[in-house]
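Okay, so here's the structure we're looking at.
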Amino acid sequence: MLNATGRPEKLQYFRHDEFSGLEDVATFMRDRVKMMIGPHGAAFYNSRFAQPRTALIEIIPDPSKFFVPCFWEQARLLGQDYSAHVGKTQNKQNDMVIDNIHEVVQLVQGRLAYLDKSYRMQDALDHKYAWDVATR
């Protein structure tokens with residue numbers, strides 16, 4: 001989708017074992033992530049190191065059975081753009097599938113349009129967190 005629209009961004013899978021520690025994760029999230037898409041889970045806590053206006057799309061299980069607004073709340077506190085898509089729960093572990101990928105694609109396209117508009121704002125680069133997570 002990104003290539004088809006001529007966008008410069010690239011999709012990158014987050015694999016925690018590719019980072020040497022928290023400082024590398026925080027630096028990556030701060031400097032390179034504009035959008036984060038994934039299932040509800042512990043890896044989403046890394047979004048706390050991302051910049052304000054970072055778009056987050058969380059795939060959540062059926063909210064009538066399982067609703068934890070922690071990432072929505074964190075995103076709001078950090079000035080990030082949060083959206084959710086409900087995945088179809090497959091089992092008691094809340095493993096999910098996405099029935100309608102076109103809805104997710106539309107959500108991603110909408111969030112990319114939001115980012116484009118947001119980053120064209122005159123003060124778009126004035127709001128940057130300077131996370132210092134170096135261990136001493």
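At a glance:
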item: Reciprocal mean inverse distance between Cα atoms of the stretch 10-50 - Kirkwood radius, Å; result: 10.6 Å
item: Kirkwood estimate for the stretch 16-120, i.e. one over the average of 1/r between Cα atoms, Å; result: 14.5 Å
item: Nonlocal amide H pairs with residue 96, under 5 Å, H built at 1.01 Å; result: 90
item: Nonlocal amide H pairs with residue 53, under 5 Å, H built at 1.01 Å; result: 80, 81
item: Percentage relative contact order, the stretch 16-120, counting C-alpha pairs under 8 Å, at least six apart; result: 22 percent
item: The stretch 31-103: trypsin sites (Lys or Arg not before Pro) in DSSP loop, at most 13 other beta carbons within 10 Å; result: 65, 92
item: Amide H within-cut-off set for residue 37, under 5 Å, with H built and near neighbours excluded; result: 57
item: The stretch 62-107: chymotrypsin sites (Phe, Trp or Tyr not before Pro) falling in loop per DSSP and having at most 13 other Cβ within 10 Å; result: 66, 67
item: ³J(HN,Hα), Karplus 6.51/-1.76/1.60, whole Hz, each residue of the stretch 29-46, x for Gly, Pro; result: 4, 5, 9, 10, 9, 9, 8, 10, 10, x, x, 4, x, 4, 4, 5, 5, 5
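Quick note: the coordinates plus some simple rules give every number you see, no bench work behind them. Small disclaimer: the values here were computed from a predicted structure and weren't measured. A quick note on method: Cβ atoms are made from the backbone with ideal geometry, for glycine too, and the neighbour counts reach across all protein chains shown.
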